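The values are calculated or read from the model by the stated rules, or taken from the named source; none is laboratory data. In this text, all values refer to a predicted model and were calculated from it rather than measured experimentally. Every residue, glycine as well, gets a Cβ built from its backbone with ideal geometry; the counts of neighbours run over all protein chains shown. The protein model used for the area step is the full one, side chains on, heavy atoms only, and it has no ligands, DNA or RNA in it. Shrake-Rupley method; radii C 1.70, N 1.55, O 1.52, S 1.80 Å.
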Amino acid sequence: MAISTSFALETLLHAASPTPSAAAVSSSSYSPSLINFSGRSHRRGGHLIQRRCPFFVSPRCEASSDFAATSVDSVRSSSISALEQLKTSAADRYTKERSSIVVIGLSIHTCPVEMREKLAVPEAEWPRAIEELCNLNHIEEAAVLSTCNRMEIYVVALSQHRGVKEVTEWMSKPSCWQTSGVPVSEICQHRFLLYNSDATQHIFEVSAGLDSLVLGEGQILAQVKQVVKVGQGVVGFGRNISGLFKHAITVGKRVRTETSIAAGAVSVSSAAVELALMKLPESSHASARMLVIGAGKMGKLVIKHLVAKGCTKMVVVNRSEERVTAICEELHDVEIIYKPLTEMIVCAAEADVIFTSTASESPLFMKSDVQTLPSVGSEVGGIRRFIDISVPRNVGSCVSDLENSRVYNVDDLKEVVAANKEDRIRKAREAQTIIAEESKQFEAWRDSLETVPTIKKLRAYAERIRVAELEKCLAKMGDDLPKKTKRAVDDLSRGILNKILHGPMQHLRCDGSDSRTLTETLENMHALNRMFSLETEISVLEQKIRAKVEQIQK
(Lines give C-alpha, C1' and ligand atoms only; values in the text may rest on other atoms or scores of the structure.)
Protein backbone atom coordinates (compact mmCIF):
# COMPACT_ATOMS: atom_id res chain seq x y z
CA MET A 1 0.00 0.00 0.00
CA ALA A 2 1.38 3.45 -0.92
CA ILE A 3 2.26 5.67 2.02
CA SER A 4 0.97 9.27 1.87
CA THR A 5 3.42 12.16 1.87
CA SER A 6 1.92 13.33 5.17
CA PHE A 7 3.08 10.06 6.75
CA ALA A 8 6.42 10.35 4.97
CA LEU A 9 6.98 13.81 6.38
CA GLU A 10 6.19 12.71 9.93
CA THR A 11 8.37 9.61 9.57
CA LEU A 12 11.35 11.68 8.44
CA LEU A 13 10.98 14.26 11.17
CA HIS A 14 10.41 11.78 13.98
CA ALA A 15 13.15 9.47 12.78
CA ALA A 16 15.64 12.27 13.15
CA SER A 17 14.48 13.32 16.62
CA PRO A 18 14.88 11.46 19.93
CA THR A 19 12.04 9.09 20.86
CA PRO A 20 10.05 10.74 23.68
CA SER A 21 9.06 8.88 26.79
CA ALA A 22 5.44 8.12 27.47
CA ALA A 23 5.38 10.76 30.19
CA ALA A 24 6.83 13.35 27.87
CA VAL A 25 4.28 12.58 25.18
CA SER A 26 1.48 12.76 27.69
CA SER A 27 2.62 16.12 29.02
CA SER A 28 2.72 17.59 25.52
CA SER A 29 -0.84 16.64 24.61
CA TYR A 30 -2.54 19.67 23.17
CA SER A 31 -5.26 21.22 25.25
CA PRO A 32 -8.56 22.42 23.77
CA SER A 33 -7.88 25.79 22.21
CA LEU A 34 -9.78 28.96 21.66
CA ILE A 35 -9.38 29.94 18.04
CA ASN A 36 -10.44 33.29 16.69
CA PHE A 37 -12.07 32.36 13.38
CA SER A 38 -13.32 35.88 12.77
CA GLY A 39 -9.89 37.32 11.94
CA ARG A 40 -9.50 40.53 13.86
CA SER A 41 -12.84 40.42 15.66
CA HIS A 42 -11.05 39.80 18.94
CA ARG A 43 -10.45 43.51 19.15
CA ARG A 44 -13.58 44.78 17.45
CA GLY A 45 -16.29 43.41 19.66
CA GLY A 46 -16.23 39.93 18.10
CA HIS A 47 -16.11 36.77 20.16
CA LEU A 48 -13.82 33.79 20.29
CA ILE A 49 -15.31 30.50 19.12
CA GLN A 50 -14.28 27.46 21.13
CA ARG A 51 -13.02 24.56 19.06
CA ARG A 52 -11.60 21.36 20.41
CA CYS A 53 -8.27 20.65 18.79
CA PRO A 54 -8.58 17.62 16.44
CA PHE A 55 -4.99 16.45 16.90
CA PHE A 56 -4.56 14.64 20.22
CA VAL A 57 -1.39 12.75 21.03
CA SER A 58 -2.05 9.93 23.47
CA PRO A 59 0.69 8.13 25.41
CA ARG A 60 1.67 4.68 24.23
CA CYS A 61 2.50 1.78 26.51
CA GLU A 62 6.21 1.37 27.08
CA ALA A 63 7.69 -1.41 25.01
CA SER A 64 10.71 -3.50 25.82
CA SER A 65 14.09 -1.91 25.16
CA ASP A 66 14.93 -4.45 22.45
CA PHE A 67 11.70 -3.81 20.60
CA ALA A 68 12.11 -0.04 20.96
CA ALA A 69 15.63 -0.17 19.55
CA THR A 70 14.50 -2.34 16.65
CA SER A 71 11.60 0.03 15.93
CA VAL A 72 13.84 3.09 15.90
CA ASP A 73 16.34 1.42 13.58
CA SER A 74 13.50 0.34 11.33
CA VAL A 75 12.07 3.85 11.16
CA ARG A 76 15.48 5.35 10.45
CA SER A 77 16.16 2.87 7.67
CA SER A 78 12.83 3.73 6.09
CA SER A 79 13.73 7.43 5.74
CA ILE A 80 15.12 7.07 2.21
CA SER A 81 12.16 5.03 0.95
CA ALA A 82 9.79 7.52 2.57
CA LEU A 83 11.45 10.31 0.62
CA GLU A 84 11.05 8.36 -2.60
CA GLN A 85 7.36 7.84 -1.89
CA LEU A 86 7.11 11.52 -1.08
CA LYS A 87 8.34 12.35 -4.56
CA THR A 88 5.80 10.15 -6.29
CA SER A 89 2.69 11.13 -4.32
CA ALA A 90 0.69 14.13 -5.48
CA ALA A 91 -2.31 13.87 -3.17
CA ASP A 92 -0.98 15.40 0.00
CA ARG A 93 -1.54 19.05 0.78
CA TYR A 94 2.14 19.63 1.54
CA THR A 95 2.87 19.42 -2.16
CA LYS A 96 -0.17 21.42 -3.20
CA GLU A 97 -0.13 24.27 -0.70
CA ARG A 98 2.64 26.71 -0.01
CA SER A 99 3.77 27.45 3.53
CA SER A 100 1.47 29.66 5.59
CA ILE A 101 2.20 32.92 7.36
CA VAL A 102 0.78 32.58 10.88
CA VAL A 103 0.65 34.95 13.83
CA ILE A 104 0.22 33.58 17.34
CA GLY A 105 -0.40 36.58 19.56
CA LEU A 106 -1.46 37.97 22.89
CA SER A 107 -2.24 41.67 23.11
CA ILE A 108 -3.76 44.20 25.44
CA HIS A 109 -7.09 43.46 23.73
CA THR A 110 -7.07 39.75 24.58
CA CYS A 111 -4.69 39.17 27.50
CA PRO A 112 -4.01 40.79 30.91
CA VAL A 113 -0.63 42.30 31.66
CA GLU A 114 0.01 39.61 34.29
CA MET A 115 0.36 37.02 31.52
CA ARG A 116 1.97 39.25 28.90
CA GLU A 117 4.86 40.03 31.20
CA LYS A 118 5.49 36.31 31.75
CA LEU A 119 5.71 35.68 28.00
CA ALA A 120 7.57 38.87 27.03
CA VAL A 121 10.85 38.35 25.15
CA PRO A 122 13.53 41.03 25.71
CA GLU A 123 14.83 42.60 22.51
CA ALA A 124 18.33 41.24 23.16
CA GLU A 125 16.89 37.70 23.07
CA TRP A 126 14.94 38.06 19.79
CA PRO A 127 17.69 36.43 17.64
CA ARG A 128 17.89 33.47 20.00
CA ALA A 129 14.09 33.14 20.03
CA ILE A 130 14.02 33.14 16.21
CA GLU A 131 16.67 30.41 16.13
CA GLU A 132 14.74 28.25 18.62
CA LEU A 133 11.46 28.73 16.74
CA CYS A 134 13.05 27.76 13.42
CA ASN A 135 14.40 24.58 15.01
CA LEU A 136 10.82 23.41 15.48
CA ASN A 137 9.82 20.75 12.94
CA HIS A 138 7.21 22.71 11.00
CA ILE A 139 8.59 26.27 11.25
CA GLU A 140 10.70 27.73 8.44
CA GLU A 141 10.92 31.44 9.34
CA ALA A 142 10.08 33.49 12.44
CA ALA A 143 10.00 36.94 14.02
CA VAL A 144 9.11 38.22 17.50
CA LEU A 145 7.28 41.49 18.24
CA SER A 146 7.29 41.97 22.01
CA THR A 147 6.20 45.35 23.43
CA CYS A 148 4.35 46.62 26.50
CA ASN A 149 1.01 46.07 24.71
CA ARG A 150 1.62 42.85 22.80
CA MET A 151 3.59 39.64 22.49
CA GLU A 152 3.23 38.33 18.94
CA ILE A 153 5.13 35.61 17.12
CA TYR A 154 5.08 35.57 13.30
CA VAL A 155 6.10 32.35 11.57
CA VAL A 156 6.12 30.70 8.17
CA ALA A 157 4.78 27.20 8.87
CA LEU A 158 4.84 24.06 6.72
CA SER A 159 1.61 23.02 8.47
CA GLN A 160 -0.75 25.52 10.08
CA HIS A 161 -2.04 23.23 12.80
CA ARG A 162 1.25 21.58 13.72
CA GLY A 163 3.09 24.90 13.52
CA VAL A 164 0.65 26.57 15.93
CA LYS A 165 0.90 23.60 18.30
CA GLU A 166 4.71 23.69 18.32
CA VAL A 167 4.94 27.46 18.81
CA THR A 168 2.35 27.45 21.60
CA GLU A 169 4.24 24.70 23.43
CA TRP A 170 7.49 26.64 22.91
CA MET A 171 5.90 29.75 24.44
CA SER A 172 4.74 27.77 27.47
CA LYS A 173 8.19 26.47 28.42
CA PRO A 174 10.67 28.25 30.73
CA SER A 175 13.56 29.95 28.94
CA CYS A 176 16.75 31.79 29.71
CA TRP A 177 14.74 35.05 29.87
CA GLN A 178 11.71 33.59 31.72
CA THR A 179 12.38 31.20 34.58
CA SER A 180 8.75 30.13 35.02
CA GLY A 181 6.59 28.71 32.24
CA VAL A 182 2.91 29.29 31.44
CA PRO A 183 0.53 26.33 30.93
CA VAL A 184 -0.54 25.78 27.32
CA SER A 185 -4.19 25.85 28.41
CA GLU A 186 -3.79 29.38 29.79
CA ILE A 187 -2.09 30.62 26.63
CA CYS A 188 -4.89 29.13 24.52
CA GLN A 189 -7.50 31.01 26.55
CA HIS A 190 -5.98 34.39 25.69
CA ARG A 191 -4.15 33.98 22.38
CA PHE A 192 -5.42 34.86 18.93
CA LEU A 193 -4.49 33.09 15.70
CA LEU A 194 -4.40 34.67 12.26
CA TYR A 195 -3.38 33.08 8.96
CA ASN A 196 -1.99 34.37 5.65
CA SER A 197 -4.01 37.40 4.43
CA ASP A 198 -5.48 37.98 7.92
CA ALA A 199 -1.99 37.83 9.43
CA THR A 200 -0.75 40.26 6.77
CA GLN A 201 -3.57 42.71 7.44
CA HIS A 202 -2.95 42.45 11.18
CA ILE A 203 0.73 43.46 11.09
CA PHE A 204 -0.16 46.28 8.67
CA GLU A 205 -2.78 47.53 11.14
CA VAL A 206 -0.29 47.19 13.99
CA SER A 207 2.33 49.21 12.12
CA ALA A 208 -0.24 51.86 11.19
CA GLY A 209 -1.24 52.24 14.84
CA LEU A 210 -4.78 50.92 14.30
CA ASP A 211 -4.34 48.04 16.73
CA SER A 212 -2.77 50.20 19.43
CA LEU A 213 -4.57 51.16 22.58
CA VAL A 214 -3.89 54.74 21.55
CA LEU A 215 -4.89 55.09 17.89
CA GLY A 216 -2.11 56.28 15.59
CA GLU A 217 0.63 56.29 18.23
CA GLY A 218 4.04 56.45 16.60
CA GLN A 219 6.12 54.28 18.91
CA ILE A 220 4.79 51.01 17.48
CA LEU A 221 6.15 51.88 14.02
CA ALA A 222 9.59 52.32 15.57
CA GLN A 223 9.20 48.95 17.27
CA VAL A 224 8.29 47.24 13.97
CA LYS A 225 11.40 48.83 12.42
CA GLN A 226 13.43 47.41 15.30
CA VAL A 227 12.21 43.89 14.47
CA VAL A 228 13.72 44.27 10.99
CA LYS A 229 16.92 45.79 12.34
CA VAL A 230 17.44 43.00 14.89
CA GLY A 231 16.46 40.33 12.35
CA GLN A 232 19.12 41.33 9.80
CA GLY A 233 21.66 38.52 9.59
CA VAL A 234 19.55 36.09 11.64
CA VAL A 235 19.08 32.93 9.56
CA GLY A 236 15.44 32.32 10.54
CA PHE A 237 14.38 35.88 9.65
CA GLY A 238 13.77 34.75 6.10
CA ARG A 239 12.50 36.13 2.86
CA ASN A 240 8.76 35.97 3.60
CA ILE A 241 8.86 37.33 7.14
CA SER A 242 11.45 39.98 6.27
CA GLY A 243 9.34 41.08 3.28
CA LEU A 244 6.22 41.17 5.47
CA PHE A 245 7.76 43.44 8.11
CA LYS A 246 9.44 45.72 5.57
CA HIS A 247 6.12 46.14 3.78
CA ALA A 248 4.46 46.82 7.16
CA ILE A 249 6.90 49.70 7.71
CA THR A 250 5.93 51.14 4.31
CA VAL A 251 2.24 50.86 5.26
CA GLY A 252 2.81 52.55 8.61
CA LYS A 253 4.56 55.49 6.97
CA ARG A 254 1.98 55.83 4.22
CA VAL A 255 -0.99 55.77 6.60
CA ARG A 256 0.53 58.49 8.75
CA THR A 257 1.38 60.60 5.68
CA GLU A 258 -1.89 60.28 3.76
CA THR A 259 -4.45 60.30 6.59
CA SER A 260 -5.16 62.39 9.67
CA ILE A 261 -4.64 59.45 11.99
CA ALA A 262 -1.55 61.01 13.52
CA ALA A 263 -3.17 64.42 14.00
CA GLY A 264 -3.38 64.91 17.74
CA ALA A 265 -2.43 61.28 18.28
CA VAL A 266 -1.22 60.41 21.75
CA SER A 267 1.23 57.75 22.88
CA VAL A 268 1.22 55.35 25.80
CA SER A 269 3.38 57.86 27.65
CA SER A 270 1.01 60.77 27.05
CA ALA A 271 -1.94 58.60 28.04
CA ALA A 272 -0.10 57.79 31.26
CA VAL A 273 0.25 61.51 32.02
CA GLU A 274 -3.43 62.06 31.21
CA LEU A 275 -4.38 59.20 33.54
CA ALA A 276 -2.31 60.67 36.35
CA LEU A 277 -4.00 64.06 35.95
CA MET A 278 -7.43 62.38 35.85
CA LYS A 279 -6.74 60.67 39.17
CA LEU A 280 -5.28 63.76 40.88
CA PRO A 281 -7.54 66.49 42.33
CA GLU A 282 -7.62 69.28 39.74
CA SER A 283 -6.42 71.82 42.29
CA SER A 284 -3.17 69.86 42.75
CA HIS A 285 -2.13 69.63 39.11
CA ALA A 286 0.38 72.45 39.36
CA SER A 287 1.76 71.57 42.79
CA ALA A 288 1.94 67.74 42.71
CA ARG A 289 5.48 66.39 43.10
CA MET A 290 6.40 64.30 40.04
CA LEU A 291 9.00 61.50 39.93
CA VAL A 292 9.97 59.75 36.67
CA ILE A 293 11.98 56.52 36.96
CA GLY A 294 13.70 55.63 33.68
CA ALA A 295 14.90 58.05 31.00
CA GLY A 296 14.60 55.77 27.96
CA LYS A 297 12.26 56.40 25.02
CA MET A 298 9.06 56.10 27.03
CA GLY A 299 10.45 57.92 30.06
CA LYS A 300 11.56 60.80 27.85
CA LEU A 301 8.06 61.05 26.37
CA VAL A 302 6.55 61.10 29.87
CA ILE A 303 8.81 64.03 30.76
CA LYS A 304 7.88 65.91 27.58
CA HIS A 305 4.14 65.43 28.15
CA LEU A 306 4.44 66.51 31.79
CA VAL A 307 6.10 69.71 30.59
CA ALA A 308 3.37 70.18 27.96
CA LYS A 309 0.79 69.94 30.75
CA GLY A 310 2.47 72.71 32.72
CA CYS A 311 4.80 70.83 35.03
CA THR A 312 7.84 73.03 35.78
CA LYS A 313 9.77 70.79 38.19
CA MET A 314 10.35 67.05 38.44
CA VAL A 315 12.88 64.47 39.62
CA VAL A 316 14.22 61.88 37.19
CA VAL A 317 15.89 58.70 38.44
CA ASN A 318 18.07 56.83 35.94
CA ARG A 319 21.08 54.52 35.90
CA SER A 320 23.25 57.09 34.11
CA GLU A 321 23.17 60.88 34.06
CA GLU A 322 23.95 61.30 30.35
CA ARG A 323 20.41 60.70 29.12
CA VAL A 324 18.90 63.04 31.67
CA THR A 325 21.41 65.73 30.74
CA ALA A 326 20.48 65.37 27.07
CA ILE A 327 16.78 65.78 27.94
CA CYS A 328 17.56 68.89 30.00
CA GLU A 329 19.38 70.44 27.05
CA GLU A 330 16.39 69.76 24.82
CA LEU A 331 13.75 71.16 27.18
CA HIS A 332 13.74 74.70 28.52
CA ASP A 333 11.88 76.50 31.31
CA VAL A 334 11.68 73.32 33.38
CA GLU A 335 13.74 72.16 36.36
CA ILE A 336 14.78 68.52 35.97
CA ILE A 337 16.71 67.09 38.92
CA TYR A 338 18.76 63.97 38.24
CA LYS A 339 19.13 61.27 40.91
CA PRO A 340 20.91 57.89 40.59
CA LEU A 341 19.03 54.62 40.91
CA THR A 342 20.50 54.06 44.37
CA GLU A 343 18.41 56.99 45.66
CA MET A 344 15.14 55.75 44.16
CA ILE A 345 13.39 54.95 47.47
CA VAL A 346 14.46 58.28 48.98
CA CYS A 347 13.05 60.12 45.95
CA ALA A 348 9.82 58.09 46.11
CA ALA A 349 9.31 59.22 49.70
CA GLU A 350 9.17 62.82 48.47
CA ALA A 351 6.88 62.22 45.45
CA ASP A 352 3.10 62.31 45.01
CA VAL A 353 3.03 60.69 41.54
CA ILE A 354 5.63 58.14 40.41
CA PHE A 355 5.99 57.11 36.75
CA THR A 356 7.99 53.95 36.04
CA SER A 357 9.21 52.93 32.58
CA THR A 358 12.35 50.81 32.90
CA ALA A 359 13.43 47.53 31.30
CA SER A 360 13.94 45.88 34.69
CA GLU A 361 12.76 42.28 34.71
CA SER A 362 12.06 42.36 38.45
CA PRO A 363 9.80 44.83 40.33
CA LEU A 364 11.36 48.05 41.61
CA PHE A 365 8.63 48.57 44.20
CA MET A 366 6.94 45.95 46.34
CA LYS A 367 4.53 46.35 49.25
CA SER A 368 7.38 46.21 51.78
CA ASP A 369 9.17 49.09 50.01
CA VAL A 370 6.14 51.38 49.87
CA GLN A 371 4.54 50.83 53.27
CA THR A 372 7.53 52.47 54.98
CA LEU A 373 7.23 55.65 52.89
CA PRO A 374 5.78 58.72 54.62
CA SER A 375 2.20 59.70 53.77
CA VAL A 376 1.55 62.31 51.09
CA GLY A 377 -0.38 65.54 51.67
CA SER A 378 -4.13 65.98 51.70
CA GLU A 379 -3.92 68.29 48.67
CA VAL A 380 -3.39 65.17 46.50
CA GLY A 381 -6.06 63.22 48.38
CA GLY A 382 -3.59 61.52 50.71
CA ILE A 383 -2.84 58.90 48.07
CA ARG A 384 0.52 58.20 46.42
CA ARG A 385 -0.07 57.15 42.80
CA PHE A 386 2.17 54.82 40.79
CA ILE A 387 1.76 54.95 37.00
CA ASP A 388 3.58 51.86 35.71
CA ILE A 389 3.88 51.62 31.91
CA SER A 390 6.55 48.89 31.88
CA VAL A 391 6.18 45.27 30.80
CA PRO A 392 7.28 43.34 32.81
CA ARG A 393 5.78 45.62 35.48
CA ASN A 394 8.03 47.71 37.70
CA VAL A 395 5.51 47.98 40.54
CA GLY A 396 3.96 44.95 42.22
CA SER A 397 0.16 44.86 42.20
CA CYS A 398 0.28 44.18 45.95
CA VAL A 399 1.17 47.86 46.48
CA SER A 400 -2.49 48.73 45.85
CA ASP A 401 -3.36 46.79 49.01
CA LEU A 402 -1.97 49.71 51.00
CA GLU A 403 -4.59 52.25 52.02
CA ASN A 404 -2.60 55.28 50.89
CA SER A 405 -1.26 53.91 47.56
CA ARG A 406 -2.73 53.19 44.12
CA VAL A 407 -1.06 51.39 41.20
CA TYR A 408 -2.09 51.85 37.54
CA ASN A 409 -0.54 49.82 34.70
CA VAL A 410 -0.80 49.87 30.89
CA ASP A 411 -4.14 48.05 30.97
CA ASP A 412 -5.66 50.95 32.94
CA LEU A 413 -4.93 53.39 30.10
CA LYS A 414 -8.14 52.22 28.37
CA GLU A 415 -9.99 54.69 30.53
CA VAL A 416 -8.11 57.57 28.89
CA VAL A 417 -8.60 56.54 25.27
CA ALA A 418 -12.27 55.55 25.52
CA ALA A 419 -13.42 59.18 25.33
CA ASN A 420 -12.69 59.78 21.61
CA LYS A 421 -14.06 56.50 20.28
CA GLU A 422 -16.08 57.97 17.35
CA ASP A 423 -13.13 59.96 16.07
CA ARG A 424 -10.96 56.84 16.29
CA ILE A 425 -13.41 54.86 14.15
CA ARG A 426 -13.53 57.56 11.47
CA LYS A 427 -9.75 57.78 11.21
CA ALA A 428 -9.42 54.01 11.15
CA ARG A 429 -11.71 53.80 8.11
CA GLU A 430 -9.44 56.16 6.18
CA ALA A 431 -6.44 54.00 6.98
CA GLN A 432 -8.17 50.72 6.14
CA THR A 433 -8.46 51.69 2.48
CA ILE A 434 -4.68 52.04 2.27
CA ILE A 435 -4.10 48.82 4.20
CA ALA A 436 -6.41 46.86 1.86
CA GLU A 437 -4.50 48.19 -1.16
CA GLU A 438 -1.10 47.39 0.35
CA SER A 439 -2.26 43.92 1.42
CA LYS A 440 -3.08 43.09 -2.20
CA GLN A 441 0.36 44.26 -3.29
CA PHE A 442 2.09 42.13 -0.65
CA GLU A 443 0.03 39.06 -1.56
CA ALA A 444 0.94 39.60 -5.24
CA TRP A 445 4.62 39.79 -4.27
CA ARG A 446 4.34 36.61 -2.22
CA ASP A 447 2.45 34.88 -5.03
CA SER A 448 5.31 35.75 -7.36
CA LEU A 449 7.68 33.78 -5.11
CA GLU A 450 5.81 30.61 -6.08
CA THR A 451 7.49 30.62 -9.48
CA VAL A 452 11.00 31.43 -8.26
CA PRO A 453 12.08 27.74 -7.95
CA THR A 454 10.83 27.06 -11.48
CA ILE A 455 12.71 30.09 -12.83
CA LYS A 456 15.91 28.92 -11.15
CA LYS A 457 15.53 25.34 -12.32
CA LEU A 458 14.68 26.35 -15.89
CA ARG A 459 17.73 28.61 -16.06
CA ALA A 460 19.95 25.91 -14.53
CA TYR A 461 18.56 23.34 -17.01
CA ALA A 462 19.27 25.62 -19.97
CA GLU A 463 22.71 26.54 -18.59
CA ARG A 464 23.73 22.88 -18.37
CA ILE A 465 22.81 22.38 -22.03
CA ARG A 466 24.65 25.57 -23.04
CA VAL A 467 27.85 24.56 -21.22
CA ALA A 468 27.77 21.02 -22.62
CA GLU A 469 27.26 22.20 -26.22
CA LEU A 470 29.88 24.93 -25.82
CA GLU A 471 32.48 22.38 -24.70
CA LYS A 472 31.69 20.19 -27.73
CA CYS A 473 32.04 23.18 -30.06
CA LEU A 474 35.35 24.33 -28.56
CA ALA A 475 36.73 20.79 -28.68
CA LYS A 476 35.99 20.58 -32.40
CA MET A 477 37.68 23.94 -33.00
CA GLY A 478 40.98 22.71 -31.56
CA ASP A 479 43.22 23.54 -28.60
CA ASP A 480 45.04 26.42 -30.29
CA LEU A 481 41.94 28.58 -30.38
CA PRO A 482 42.71 32.16 -29.20
CA LYS A 483 41.19 33.21 -25.85
CA LYS A 484 39.45 36.11 -27.56
CA THR A 485 37.65 33.73 -29.92
CA LYS A 486 36.69 31.41 -27.03
CA ARG A 487 35.28 34.37 -25.13
CA ALA A 488 33.33 35.52 -28.20
CA VAL A 489 31.79 32.05 -28.67
CA ASP A 490 30.94 31.91 -24.94
CA ASP A 491 29.28 35.34 -25.09
CA LEU A 492 27.35 34.30 -28.21
CA SER A 493 25.96 31.19 -26.48
CA ARG A 494 24.96 33.24 -23.41
CA GLY A 495 23.24 35.84 -25.57
CA ILE A 496 21.24 33.20 -27.46
CA LEU A 497 20.27 31.53 -24.16
CA ASN A 498 19.11 34.77 -22.55
CA LYS A 499 17.01 35.74 -25.56
CA ILE A 500 15.35 32.31 -25.70
CA LEU A 501 14.58 32.36 -21.95
CA HIS A 502 13.30 35.95 -21.92
CA GLY A 503 9.78 35.05 -23.04
CA PRO A 504 9.23 32.11 -20.64
CA MET A 505 10.71 34.12 -17.75
CA GLN A 506 8.35 37.03 -18.40
CA HIS A 507 5.38 34.66 -18.29
CA LEU A 508 6.55 33.29 -14.94
CA ARG A 509 6.53 36.67 -13.25
CA CYS A 510 3.42 37.85 -11.41
CA ASP A 511 4.20 40.73 -9.07
CA GLY A 512 1.16 42.92 -9.69
CA SER A 513 3.02 45.15 -12.16
CA ASP A 514 1.05 43.90 -15.17
CA SER A 515 -2.37 42.48 -15.99
CA ARG A 516 -1.25 38.86 -15.86
CA THR A 517 -3.20 36.94 -13.22
CA LEU A 518 -1.75 34.52 -10.71
CA THR A 519 -3.78 31.67 -12.22
CA GLU A 520 -2.27 32.28 -15.67
CA THR A 521 1.23 32.47 -14.23
CA LEU A 522 0.83 29.23 -12.28
CA GLU A 523 -0.53 27.51 -15.39
CA ASN A 524 2.61 28.62 -17.24
CA MET A 525 4.74 27.30 -14.36
CA HIS A 526 3.07 23.87 -14.40
CA ALA A 527 3.37 23.71 -18.19
CA LEU A 528 7.12 24.38 -18.03
CA ASN A 529 7.49 21.85 -15.21
CA ARG A 530 5.86 19.21 -17.41
CA MET A 531 7.73 20.12 -20.61
CA PHE A 532 11.18 20.13 -19.00
CA SER A 533 10.50 17.64 -16.14
CA LEU A 534 11.53 20.20 -13.56
CA GLU A 535 9.35 18.73 -10.77
CA THR A 536 9.64 21.97 -8.85
CA GLU A 537 6.99 21.41 -6.20
CA ILE A 538 8.23 18.01 -5.08
CA SER A 539 11.87 19.09 -5.20
CA VAL A 540 11.25 22.16 -3.05
CA LEU A 541 9.38 20.08 -0.47
CA GLU A 542 12.14 17.49 -0.48
CA GLN A 543 14.71 20.24 0.16
CA LYS A 544 12.64 21.59 3.06
CA ILE A 545 12.35 18.17 4.68
CA ARG A 546 16.02 17.33 4.18
CA ALA A 547 16.98 20.67 5.75
CA LYS A 548 14.77 19.95 8.78
CA VAL A 549 16.19 16.44 9.15
CA GLU A 550 19.77 17.74 8.99
CA GLN A 551 18.93 20.44 11.58
CA ILE A 552 17.53 17.86 14.01
CA GLN A 553 20.42 15.43 13.51
CA LYS A 554 22.96 18.15 14.36
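The calculated FRET efficiency for the pair Ile345 and Lys297, based on their C-beta separation and a Förster distance of 25 Å, comes to about 0.50. Ranked by the mean number of other Cβ atoms within 10 Å of their residues, highest first, the peptides 112-123, 467-478 fall in the order 112-123, 467-478.
Compute the Cα gyration tensor for the stretch 349-488, then decide on rounded, prolate or oblate, letting a ≥ b ≥ c be the square roots of its eigenvalues: rounded whenever a/c is under 1.5, prolate when a/b is larger than b/c in the other cases, and oblate in all that remain. Can you show the working numbers first?
Working: a/c = 6.20, a/b = 2.95, b/c = 2.10.
In terms of gyration-tensor shape, prolate.
The phi-based Karplus calculation (6.51 cos²θ - 1.76 cosθ + 1.60; θ = phi - 60°) puts the 3J(HN,Hα) values of the stretch 274-291 at 4, 4, 4, 5, 5, 7, 7, x, 4, 5, 9, 4, 7, 9, 4, 7, 9, 10 Hz, whole numbers, x for Gly and Pro. Remark: spin-label model distance Ala436-Glu322 equals 4.9 nm, labels positioned 7 Å along the Cα→Cβ axis.
In terms of packing, defined here as the mean over residues of other Cβ atoms within 10 angstrom, the peptides 345-354, 490-499, 162-171 line up highest first as 162-171, 345-354, 490-499. Remark: the stretch 192-327 carries 38 Å² of accessible area per residue (probe radius 1.4 Å; ligands, DNA and RNA excluded).
The listed peptides 143-150, 315-322, ordered by packing as a protection proxy, come out as 143-150, 315-322 (highest mean of other Cβ atoms within 10 Å first).
DSSP beta bridges fully contained in the stretch 237-353 are about 0 percent antiparallel.
Of the cross-linked pairs Lys246/Lys309; Lys118/Lys427; Lys309/Lys427, which ones have a Cα-Cα span greater than 31 Å in the structure shown? Provide the component values of the computation, followed by the final result.
Values: Lys246/Lys309 36 Å; Lys118/Lys427 33 Å; Lys309/Lys427 25 Å.
Check vs 31 Å cut-off fails for Lys246/Lys309; Lys118/Lys427.
Shown in residue order for the stretch 203-215 are the 3J(HN,Hα) couplings computed by the Karplus curve 6.51 cos²θ - 1.76 cosθ + 1.60 at θ = phi - 60°: 5, 5, 5, 4, 5, 7, x, 6, 9, 6, 4, 9, 4 Hz (x for Gly and Pro).
Grab the Cα-Cα distance for Thr250 and Ser283, subtract it from 0.36 nm times how many residues apart they are, and report the gain in nm with one decimal. Please list the in-between numbers first.
Working: separation 33, 0.36 × 33 = 11.88 nm, distance 4.50 nm.
Full extension from Thr250 to Ser283 adds 7.4 nm.
One equal scatterer on each Cα of the stretch 127-240, no solvent, Debye formula: the resulting log10 I(q)/I(0) at q = 0.11, 0.15, 0.16, 0.23 Å⁻¹ is -0.36, -0.70, -0.80, -1.54. Across the accessible surface of the stretch 215-327, with the other protein chains kept in place and a 1.4 Å probe, carbon and sulfur atoms take up 52 percent.
Karplus-based coupling profile of the stretch 521-528, in residue order and whole Hz: 5, 5, 4, 4, 4, 5, 4, 5, with θ = phi - 60° in 6.51 cos²θ - 1.76 cosθ + 1.60 and x standing for Gly or Pro. Surface exposure of the stretch 113-170, expressed per residue as accessible area with a 1.4 Å probe, stands at 27 Å².
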